[in-house]
Amino acid sequence: MWSSPRAMPSSWSNLVCLLVAFSYLFTPIPKSRLRRLRLRRRTHLGRPYALHADTISFKDGQLQGTILKSLDDGAESVRLPLTVSFLASGAARERYNEVEKLAIVGGTTLDKEAKVTSQDAHGLVVQYGATQYEAHVKFDPFSVDFKRDGVSQVKFNDKGWLNVEHWRAKVDKPEPEKKEGEENNESAAPPEGDKGVDESTWWDETFGGNTDSKTRGPESVALDITFSGYSHVFGIPSHATSLSLKETRGREEGHYSEPYRMYNLDVFEYILDSPMTLYGSIPLMHAHRKDSTVAVFWLNAAETWVDVTKHKNAANPNALGAHDRTSTSTHWISESGLLDFALGYHQCRWNYVSDDDVKDVNRKMDKAGMPYDVIWLDIEYTEEKKYFTFDKDMFVDPIGMGETLDKEGRKLVTIIDPHIKNTNDYPVVAELKDKDLAVKNKEAKIFDGWCWPGSSHWIDSFNPAAIDWWKSLFKYSSFLGTRENTFVWNDMNEPSVFNGPETTMPKDNLHHGDWEHRDVHNLMGMTFHNATYQALLSRKSGELRRPFVLTRAFYAGSQRFGAMWTGDNQASWEHLGAAVPMILSQGIAGFPFAGADVGGFFGNPDIDLQTRWYQSGAFYPFFRGHAHIDARRREPYLAPEPHKTIIASALRLRYSLLPAWYTAFFHAHRDGSPIVRPMYWTHPSEEAGFAVDDQLFVGSTGLLVKPVVEKDKVTADIYIPDDEVYYDYFTYDTLPTKKAQTLTVDAPLEHIPILMRGGHIFPRRDTPRRSSALQRFDDYTLVISGQYIYRRFALEGDAITSVDAEGRAAKSVRPGAWMKQMKDVAVDKIVIVGAPASWDTKEVEVTSAGKTWTAPVKYVKGKGSKTSFAVVGRVGAAIGEDFTVKVL
Ligand code: NOJ
């Protein structure tokens with residue numbers, strides 16, 4: 001585990017971040033075993049894990065020792081090595097494993113200043129990070145209490161539910177006799193070992209018709225983690241649930257009866273308001289209360305379950321100062337141990353059937369005045385689901401198709417899945433076999449399973465040699481029909497195996513390095529995503545590119561390789577409503593480039609639902625319309641009026657705000673801040689907003705959006721998090737807002753409720769264009785690939801200033817080709833909403849690049865709820881230069 005103070009981006013402070021990684025602690029948990037492991041905490045009479053005082057050493061920020069695990073017969077004990085690393089970055093971690101190499105980037109320098117400040121026979125105290133941080137380690141039973149300013153924040157094993165299933169040799173026992181008609185399934189009564197321990201699932205387990213051989217025996221790890229004084233916990237996506245996580249035990253209404261599960265799966269028609277697992281996992285949990293945030297990252301890629309319970313703190317209500325008196329306990333169980341076009345609108349369906357179909361959609365989007373950037377090809381574009389081929393009859397001229405798209409700067413995305421069709425006359429599968437780069441079954445033979453193409457093999461993307469081979473397949477000379485504007489969609493990478501257990505890979509399959517699939521399951525999607533990302537990066541030498549790859553499965557770290565979406569949702573109002581909390585949850589867990597299928601994947605949305613979905617989708621970081629193969633065609637230009645015009649406005653709104661989205665993406669890239677932000681993140685001290693998950697701020701723009709997600713609803717109730725002034729985005733009206741209260745605004749079908757929070761300046765591009773590429777040299781840009789312009793604008797009294805946001809001296813920004821092109825791109829006009837009377841003037845003075853000139857002002861005096869505003873026209877200062885605009 002790691003523990004240390006950490007400054008949270010934005011207004012967050014006092015974040016204590018703990019990372020938990022168990023190297024050997026992997027094991028699978030079908031429900032029968034889960035029940036057993038959940039129960040275990042109650043059946044232990046004593047606490048069997050003790051840190052042996054004689055084994056402890058502390059050096060250079062690392063505490064090492066041996067935990068003795070006493071077995072149930074009391075005679076034996078197992079020795080478990082323990083390392084607690086206190087890191088300079090402000091996090092702390094326990095143990096090390098393979099997952100770290102893929103999931104953690106940087107920040108692992110030890111805090112060499114950390115020191116043991118006291119020690120006796122019962123425990124010791126480590127001071128680290130900064131003097132106010134302490135870890136109180138108790139020896140017997142072993143537990144750690146992380147404190148700040150003497151107050152407990154996070155406790156490990158406070159309840160004594162630490163459970164590490166140690167390696168053990170298999171002792172063959174006689175098969176229990178089966179009674180007639182008895183099936184070997186999970187509902188059969190568990191045979192018990194001599195000491196009353198259910199060993200029925202230790203060595204092999206049959207579940208849903210599949211047998212998991214578990215040749216390495218049971219290896220699970222579990223730990224209770226208590227967040228003292230925190231009543232809200234967030235994160236651990238992906239689940240179709242509220243942002244603030246619900247309790248998972250107890251019978252009260254609104255509690256789940258099962259823990260949150262993380263085991264990347266191809267789920268069919270997922271249900272809402274549920275802790276069931278979905279396509280990807282990020283085992284990062286935030287606990288947040290007024291003025292304090294702590295986080296735990298459980299670094300384990302095996303199947304993981306998390307129980308959440310809340311309880312009032314006992315006796316001393318002041319023990320935690322003035323803070324919330326509810327604490328949240330969690331129980332973690334694991335089976336074993338920059339971008340541009342991507343921010344525009346994406347048009348997808350399963351499937352665009354031919355190159356003519358693609359060109360037709362392209363033309364009709366233009367005709368309808370609907371901007372879009374990317375058109376997508378689902379699996380049917382291939383020749384019989386053989387990836388890296390185009391169906392020759394339907395896609396006669398894919399290069400010509402790509403060129404047509406290129407004319408408007410548009411891109412094509414083709415799907416490439418990790419299953420490779422097992423058939424003759426397919427060079428890709430022949431190479432996969434010859435080079436021995438596929439995932440193996442438990443007998444170390446190439447694994448064969450079923451997916452879209454029928455019999456298939458899976459690339460073992462854990463193998464560096466397989467990644468090298470994968471790169472070769474994407475070369476333009478190899479994937480014929482693709483060009484520089486072709487990018488990739490990785491689907492089915494949980495992985496989905498139609499005839500596998502739970503539609504995924506058997507846990508006893510083997511990967512490179514002899515890892516069992518069970519150990520690395522949740523990582524597999526990310527390794528495949530990484531392989532594709534690397535392949536696109538190296539497609540042509542010397543080509544400077546920022547590849548776009550969409551993934552369905554993910555893990556912590558996947559954010560480095562592209563975007564994710566929430567998989568196969570349904571064309572229903574409920575699914576529209578579920579998307580925003582799911583996307584917010586992605587953002588706070590560090591994978592913010594997230595979206596949901598606009599319109600709903602399964603089924604046919606009615607036209608109001610489709611319209612509202614576009615309005616909502618315009619505020620997803622990843623904005624893509626998609627539809628199932630059986631769904632009716634629903635490209636937005638097919639909508640009848642007035643819906644067609646309303647959808648076109650939503651699309652144009654997205655495009656006009658693209659500079660603001662770029663900035664939000666840039667911030668996410670720079671410091672991990674979410675692109676769309678929930679209230680508890682932007683206003684960490686306002687408790688009333690912690691559970692609000694149906695509205696969002698776009699980056700740091702101050703734009704507060706509350707999408708309408710209910711049928712026939714024509715008003716929106718917006719929670720107001722502070723005392724700032726709020727304006728209506730479209731009318732500039734000052735709104736009668738009050739902190740912590742709900743503001744109800746009109747929201748007829750044609751209206752998206754968007755407020756502008758006072759005190760922000762965000763960039764916009766108001767000229768409608770067909771694609772983001774065509775906006776490139778329009779006025780007002782802030783961030784663009786490679787070189788960038790990043791300005792800080794400020795309005796102070798009667799002056800507006802623009803300076804480099806990073807304090808770079810003008811000369812230090814070496815003008816490359818792009819900067820030279822940007823030289824003449826200027827600030828055209830400035831709109832000051834809520835302008836004071838001093839702006840009631842005819843002209844202002846502009847100073848920039850050593851020159852001074854005047855620019856005209858139009859001032860409109862407010863009345864009643866109408867606020868005053870001023871528009872400065874023809875400003876003319878170059879966007880990349882410092883400037884001052886001053887009232888004369
Ligand atoms: C499943 C994906 O979730 C869906 O978006 C896609 O259309 C189908 N696979 C077919 O490729």
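Here the scattering of segment 469-593 is modelled by Debye summation over its C-alpha atoms, one equal scatterer each and no solvent; at q = 0.20, 0.22, 0.23 Å⁻¹ the log10 of I(q)/I(0) is -1.19, -1.26, -1.29. Rolling a 1.4 Å probe over the protein chains gives L537 an accessible area of about 70 Å². Length gained on full extension, T801 to T847, computed as 0.36 nm times the residue gap minus the Cα-Cα distance: 15.6 nm.
When the surface is traced with a 1.4 Å probe over the full set of protein chains, D436 keeps roughly 90 Å² accessible. Whole-Hz Karplus values for segment 481-490 come out as x, 9, 9, 4, 9, 9, 10, 9, 10, 9 Hz, taken residue by residue from phi with 6.51 cos²θ - 1.76 cosθ + 1.60 and θ = phi - 60°; glycine and proline positions read x.
Using C-alpha pairs under 8 Å with a sequence gap of at least 6, the mean separation divided by the residue count of segment 513-632 gives a relative contact order of 20 percent. How big is the accessible area of K644 in square angstrom, nearest 10, if you roll a 1.4 angstrom probe over the protein chains? That residue has around 60 Å² of solvent-accessible surface. Relative protection proxy for 238-247, 645-654, from highest mean packing down: 238-247, 645-654 (other beta-carbon atoms within 10 angstrom). For segment 575-672, the relative contact order works out to 25 percent when only alpha carbon pairs closer than 8 Å and six or more residues apart are counted.
Each peptide in 142-154, 578-590, 494-506, 109-121 was scored by the mean count of other Cβ atoms within 10 Å over its residues; highest first, the order is 578-590, 494-506, 142-154, 109-121. For the set K858/K886; K246/K507; K471/K820; K829/K866; K367/K866; K159/K310, the pairs lying more than 25 angstrom apart at their alpha carbons are K246/K507; K471/K820; K367/K866.
When only the heavy atoms of the protein chains count and the probe is 1.4 Å, how do H255, H512 rank by accessible area, highest first?
So the residues, ranked largest to smallest area, are H512, H255.
Of all lysines in the structure, those lying under 24 Å Cα to Cα from K711, and not within fewer than 8 positions of it along the same chain, are K644.
For R808, R634, R251, the ranking by accessible surface with the largest value first comes to R251, R808, R634, using a 1.4 Å probe. Across segment 846-852, rounded Karplus estimates of 3J(HN,Hα) from the backbone phi angles (6.51 cos²θ - 1.76 cosθ + 1.60, θ = phi - 60°) give 10, 10, 7, 6, x, 10, 10 Hz, Gly and Pro being marked x.
Heavy-atom accessible area, probed at 1.4 angstrom with all protein chains present, ranks S477, S558, S472 as S477, S472, S558, highest first.
Within straight-line reach of K738, meaning a Cα separation under 17 Å, sit the following aspartates and glutamates at least 8 residues removed in sequence or on another chain: E686, E687, D717, D722, D723, E724, D728. Over 30 Å apart at the Cα level, from the set K407/K706; K59/K147; K392/K445; K359/K475, are K407/K706; K392/K445. Straight-line cross-link partners of K115 among the aspartates and glutamates, defined as a Cα under 12 Å from its Cα and at least 8 positions apart when in the same chain: D60, E134. Rounded to the nearest Hz, the phi-derived 3J(HN,Hα) couplings of segment 295-309 under the Karplus curve 6.51 cos²θ - 1.76 cosθ + 1.60 (θ = phi - 60°) are 8, 10, 10, 9, 7, 8, 9, 7, 3, 9, 10, 9, 8, 10, 9, where x marks glycine and proline. Between L888 and T66, the simple spin-label model (points 7 angstrom out along Cα→Cβ) gives 8.6 nm.
The values are calculated or read from the model by the stated rules, or taken from the named source; none is laboratory data. Because the structure is a prediction, the values reported are computed rather than measured. Note: ideal-geometry Cβ built from the backbone for every residue, glycine included; neighbour counts use all protein chains shown. Accessible surface is based on the protein model in full, side chains and every heavy atom, while ligands, DNA and RNA are left aside. Shrake-Rupley method; radii C 1.70, N 1.55, O 1.52, S 1.80 Å.
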